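Engineer: Mind having a look at this structure? Questions to follow.
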Amino acid sequence: MKKKNKNTKPAILAPPLKPPLSTLSTLPKLSLLALLLIIFIVYMITLHPSTGAGDTGEFVTVANYLGVHHPPGYPLYSILGHLFILIAGLLPGTGHEAVVINFSSAIYALATLGLFACLLHRHGIRPLLNLAITGVLAFSPLFWSYATVAEVFQLNNLLCMLLLVLTEKVLSNKQIQLPTILSGAFVGGLALSHHHTAVLLVIPCFIAVTLKIGAIFKQQPKLLFLAMFVFFLGLTPYALLPLHSSGIPLIYWGDQSTLEGFFHHFFRGEYGTWQLLAQGEATVTTPRLKQVYLFFYEFSRATLFLGVPLLLFLFIAGKRLKEHITPFITLLMISFLFYFSIFTLLSNNNLSHPVYYDLNLRFWILPQLLLFLIIPTLIQLTKRLPAIPLKFEKYFLLLPAIALALHFNECNQKSAPDYAGLYQATLERLPQNALVLSSGDVENNNFRYIQYVKNVRRDVVIIDRGTLYKSWSKSYVSKHFPSVTLPATTMGYAGLAQEYTLLELLKANSRNFPIFLSPMSHFEQVKKVEESVRAWAHLVAFGPLLQVIPLSVWNSNKLLTITTLASAFQFFDRLDEKYPITYTRKLSWDYAMADQYNQIKLSLCIEALNFLLANPPPDTALARKIITTSEHVIASFPTPPIDYHKMVAGALSILSPRDKPTIAKFLFHAKKYLNEGDPQAIDYPSYQKVYQHYNSL
């Protein structure tokens, strides 16, 4: 027997031995391309035509200007988005519109699906089953929804899937190729330069590769340093942040011109580095077990309710599988457990709130993707799938068709609310050189898109009120809006040391601007401020959709008239016609927007009723309008607020009901108010008196 030469170095550049896996050359490429073409057509049919809720307006605007996103910055997304815009600009009829960035998400999603299918094929999943699984993933609610709108998650999926492909090549080959190692290191760096959750996959992949080739790095440390250099090379997109921040660009968030400011932004200091939401936003955290339940419920929906039963089957068959599990499948399982457990521990969301539930959902796309890989590869090891006759295998292709039919309405972004159109209509109604103090992602991001990308009403000064609490806001406002007076460096939240209040800011600028204020419902102090503001502000814009309502509608009864109230109702009717706010699921961002929009209309009904009760003789036509509007609005409330019952009862009493059905309706609502309302309220005795009168009839 020959002795091994201890001085012999492992062959790094030797060609790999053929693994005991299916190779890409045997993949039916035409079938895969046909499937991807079908998916592409569906994505184009359901592509969002403009900007939506959340951060989409910001992502489109930053891509146009190569500015700075909210933490952690997403520089790679900005660079690639800008390239898409430059390429689109060369084509007739395209350019800077949001649809270009929405289209980029579809491209990232298709590339992810192609790599996903290749991984399944390499692990022995037969072609028709492979196509069926890939199709179900493509038409699953989460994956599909984020493939047709400007968001960062499909690019994150693509980079993570590419990292898995490269890691699988390292783990499955007996001899290692240097280009594969360096490519994996570079992609890992790129993934981290895009989205921080990628670290929850990069770490397990790094450990797996180190266990595989650690001896090589030990014998040849230069290779380790080379891999580390290439990894940090992948992080270079972050150089965009200090380069652009130093000039305080128009599309700007935070100050990354200093090392401290850069790391504050990189580590999401403003939101809390080790949590999803900032301290002030996270009021109630959903219990961890409920988060787990909700994740697997969403995964069940994604897999047509087959995923969880298959997981239970695999759990039962665990002993049989143990000796057949490959290192890569082990990596997939560890990566899922690592990602999901860490994210669940750090998530401080209140998942009973629609917006926060929608926020949490997007971070479940990657663990869902891992489970889509884990389940078929493990089932393949049980040797159960090969027992399925080939003639029956074609019926699995019905599954993507079922997923497409089930989820089409939910994922069809083409019919999503036209937020951009709504905000453009709002801007066009504002007086010349107005000042808008907006709040919330939907308002701020859509306004920025309309102003800076579509170039509409650049004379209007729009300042995100939330940024005024940041130390960098003064330098930004001073450079781009020098006519705006900031009384001090920053504004303060309730309960914290304040340098200036919202009211002081409004008073400092009231002589120079017609001011429009969008209230932040999170803070009680703002409601008090608005009462002071109403005395002198030209207009007050209420709610997340920033509807422009005449001040007289919301002011004292002396300024209210039947005409202004009727015009306000007509304004809402026109908006309902032109910009219908629809939703298909209760726990979604659009539902939350529709809910708050309806709250605005309900407030209008209450104000109108107060006017009618205080100004006899009442207008019966307006009373009927109050009833029909409030009943339409309240249909979306699971539990109607007590003020609703008070309002309907008051409006019905104005109509002096005589027929039995109307009297019964009045008694129902009046009784609800009298049982649950505040007996100390000024108008409570009058409701008691009217109730007793009609109850005796």
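The values are calculated or read from the model by the stated rules, or taken from the named source; none is laboratory data. Fair warning: this is a prediction, and the values are worked out from it, not measured in the lab. Every residue, glycine as well, gets a Cβ built from its backbone with ideal geometry; the counts of neighbours run over all protein chains shown. To get the accessible areas, we keep the full protein, side chains included, count just its heavy atoms, and leave off ligands, DNA and RNA. Shrake-Rupley method; radii C 1.70, N 1.55, O 1.52, S 1.80 Å.
Engineer: Please verify whether segment 275-287 includes one or more residues that are under 30 Å from Ile402 (Cβ atoms) and of a type in the set (Gly, Ala, Ser). Please lay out each step first, then the result.
Structural biologist: Residues of segment 275-287 that are under 30 Å from Ile402 (Cβ atoms), as a first pass: none.
No, segment 275-287 has no match at all.
Engineer: Moving on. All but one of (1) under 27 Å from Val62 (Cα atoms); (2) not in a helix (DSSP H, G or I) hold for Ala198; which doesn't?
Structural biologist: Status for Ala198: all satisfied but (2).
Engineer: Scan segment 125-142 for residues that are out of contact with any Lys or Arg (no Cβ under 9 Å at 6 or more places or on another chain) and farther than 18 Å from Leu32 by Cα and jot them down.
Structural biologist: none
Engineer: If you don't mind, another one. Given (1) buried (at least 20 other Cβ atoms within 10 Å of the Cβ); (2) modelled with pLDDT of 95 or more, where does Ile203 come up short, assuming only one miss?
Structural biologist: In the conditions (1) buried (at least 20 other Cβ atoms within 10 Å of the Cβ); (2) modelled with pLDDT of 95 or more, Ile203 misses (1) alone.
Engineer: OK, next. Taking the criterion of being assigned to a helix (DSSP H, G or I), modelled with pLDDT of 95 or more, of a type outside the set (Phe, Trp, Tyr) and open to solvent by less than 10 Å² (accessible area, probe 1.4 Å), would at least one residue in segment 142-155 satisfy it?
Structural biologist: Checked segment 142-155: at least one residue is assigned to a helix (DSSP H, G or I), modelled with pLDDT of 95 or more, of a type outside the set (Phe, Trp, Tyr) and open to solvent by less than 10 Å² (accessible area, probe 1.4 Å).
Engineer: Please give the number of the condition Val60 fails out of (1) in contact with a Phe, Trp or Tyr (Cβ under 7 Å, 6 or more places away or on another chain); (2) assigned to a loop (DSSP other than H, G, I, E, B); (3) open to solvent by less than 10 Å² (accessible area, probe 1.4 Å); (4) modelled with pLDDT under 95.
Structural biologist: Only one criterion is unmet by Val60, namely (2).
Engineer: Hey, another quick one. If a residue counts only when it is under 24 Å from the mean Cα position of the chain (by Cα), which helices (runs of 4 or more DSSP H) contained entirely in segment 304-420 have at least 1 such residues? Walk me through it before giving the result.
Structural biologist: Working: elements: 307-316, 318-322, 327-346, 354-361, 365-381, 390-393, 398-411.
Those helices (runs of 4 or more DSSP H) span 327-346, 354-361, 365-381, 398-411.
Engineer: Here's another thing I want to ask about it. Pick from segment 656-697 the residues that are at pLDDT 75 or above and β-branched (Val, Ile, Thr): which of them is nearest to Glu631 (Cα to Cα)?
Structural biologist: The extreme case among them is Thr662.
Engineer: Now for a separate question. Take segment 71-82 and flag every residue that is of a type outside the set (Gly, Ala, Ser) and either out of contact with any Asp or Glu (no Cβ under 7 Å at 6 or more places or on another chain) or within 17 Å of Val453 (Cα to Cα) (or both). Working first, answer last.
Structural biologist: In the first step, residues of segment 71-82 are kept if they are of a type outside the set (Gly, Ala, Ser); the result is 71-72, 74-77, 79-80, 82.
Correct list: Pro72, Tyr74, Pro75, Leu76, Tyr77, Ile79, Leu80, His82.
Engineer: Go through (1) under 30 Å from Tyr65 (Cβ atoms); (2) open to solvent by less than 60 Å² (accessible area, probe 1.4 Å); (3) β-branched (Val, Ile, Thr) for Val292 and report which single condition fails.
Structural biologist: Exception for Val292: condition (1).
Engineer: Just to be sure I understand, how many residues within segment 156-175 are more than 29 Å from the chain's Cα centre (by Cα) and open to solvent by less than 10 Å² (accessible area, probe 1.4 Å)? First the steps, then the outcome.
Structural biologist: Going through segment 156-175, the residues more than 29 Å from the chain's Cα centre (by Cα) turn out to be 166-175.
Of the ones still in play, those that are also open to solvent by less than 10 Å² (accessible area, probe 1.4 Å) are 167-168, 170.
Residues flagged as more than 29 Å from the chain's Cα centre (by Cα) and open to solvent by less than 10 Å² (accessible area, probe 1.4 Å) within segment 156-175 amount to 3.
Engineer: So in segment 420-429, with the set limited to residues that are out of contact with any Leu (no Cβ under 8 Å at 6 or more places or on another chain) and crowded, with 21+ Cβ neighbours inside 10 Å, which one is nearest to Met44 (Cα to Cα)?
Structural biologist: Checked segment 420-429; the qualifying residue nearest to Met44 (Cα to Cα) is Ala420.
Engineer: Does any residue of segment 279-288 turn out to be modelled with pLDDT of 85 or more and open to solvent by 20 Å² or more (accessible area, probe 1.4 Å)?
Structural biologist: Looking for residues that are modelled with pLDDT of 85 or more and open to solvent by 20 Å² or more (accessible area, probe 1.4 Å), one finds at least one in segment 279-288, hence yes.
Engineer: Now a separate question. Residue pairs, Cβ under 7 Å, 6 or more apart or interchain, first in segment 168-183 and without any contact (Cβ under 8 Å) to a residue 24 or more places away in the chain, second open to solvent by 60 Å² or more (accessible area, probe 1.4 Å) and assigned to a helix (DSSP H, G or I). List them.
Structural biologist: Filtered contacts from segment 168-183: Thr180/Lys169.
Engineer: Hey, another quick one. Read through the list (1) in contact with a His (Cβ under 7 Å, 6 or more places away or on another chain); (2) in a helix (DSSP H, G or I), then give the number of the only condition that Trp253 fails.
Structural biologist: In the conditions (1) in contact with a His (Cβ under 7 Å, 6 or more places away or on another chain); (2) in a helix (DSSP H, G or I), Trp253 misses (2) alone.
Engineer: What pairs come up if the first residue lies in segment 213-231 and is polar (S, T, N, Q), the second is crowded, with 18+ Cβ neighbours inside 10 Å and modelled with pLDDT of 85 or more, and their beta carbons are under 9 Å apart, counting only those six or more places apart or on different chains?
Structural biologist: none
Engineer: Can you find a residue in segment 66-74 that is surrounded by fewer than 22 Cβ atoms within 10 Å (Cβ to Cβ) and not in a loop (DSSP other than H, G, I, E, B)?
Structural biologist: no
Engineer: Go through (1) of a type in the set (Val, Ile, Thr); (2) buried (at least 24 other Cβ atoms within 10 Å of the Cβ); (3) over 16 Å from Ile365 (Cβ atoms) for Ile79 and report which single condition fails.
Structural biologist: (2)
Engineer: Quick check: is even one residue across segment 634-654 farther than 27 Å from Pro354 by Cα, modelled with pLDDT of 75 or more, within 40 Å of the chain's Cα centre (by Cα) and surrounded by fewer than 17 Cβ atoms within 10 Å (Cβ to Cβ)?
Structural biologist: Taking every residue of segment 634-654 in turn, none turns out to be farther than 27 Å from Pro354 by Cα, modelled with pLDDT of 75 or more, within 40 Å of the chain's Cα centre (by Cα) and surrounded by fewer than 17 Cβ atoms within 10 Å (Cβ to Cβ).
Yes/no per residue for (1) touching a Phe, Trp or Tyr at 6+ places or on another chain (Cβ under 7 Å); (2) hydrophobic (A, V, I, L, M, F, W, C); (3) within 20 Å of Glu270 (Cβ to Cβ); (4) crowded, with 21+ Cβ neighbours inside 10 Å:
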position: His407; (1), (2), (3), (4): yes, no, no, yes
position: Cys411; (1), (2), (3), (4): yes, yes, no, yes
position: Gly440; (1), (2), (3), (4): no, no, yes, yes
position: Phe447; (1), (2), (3), (4): yes, yes, no, yes
position: Val453; (1), (2), (3), (4): no, yes, no, yes
position: Thr467; (1), (2), (3), (4): no, no, yes, no
position: Ser471; (1), (2), (3), (4): no, no, yes, no
position: Ser478; (1), (2), (3), (4): no, no, no, no
position: Val484; (1), (2), (3), (4): no, yes, no, no
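Engineer: Answer yes or no as to whether Thr180 is more than 24 Å from Asn157 (Cβ to Cβ) and among the hydroxyl-bearing types (Ser, Thr, Tyr). Step through it out loud before you land on a result.
Structural biologist: Details: more than 24 Å from Asn157 (Cβ to Cβ): no; among the hydroxyl-bearing types (Ser, Thr, Tyr): yes.
No: the conditions fail for Thr180.
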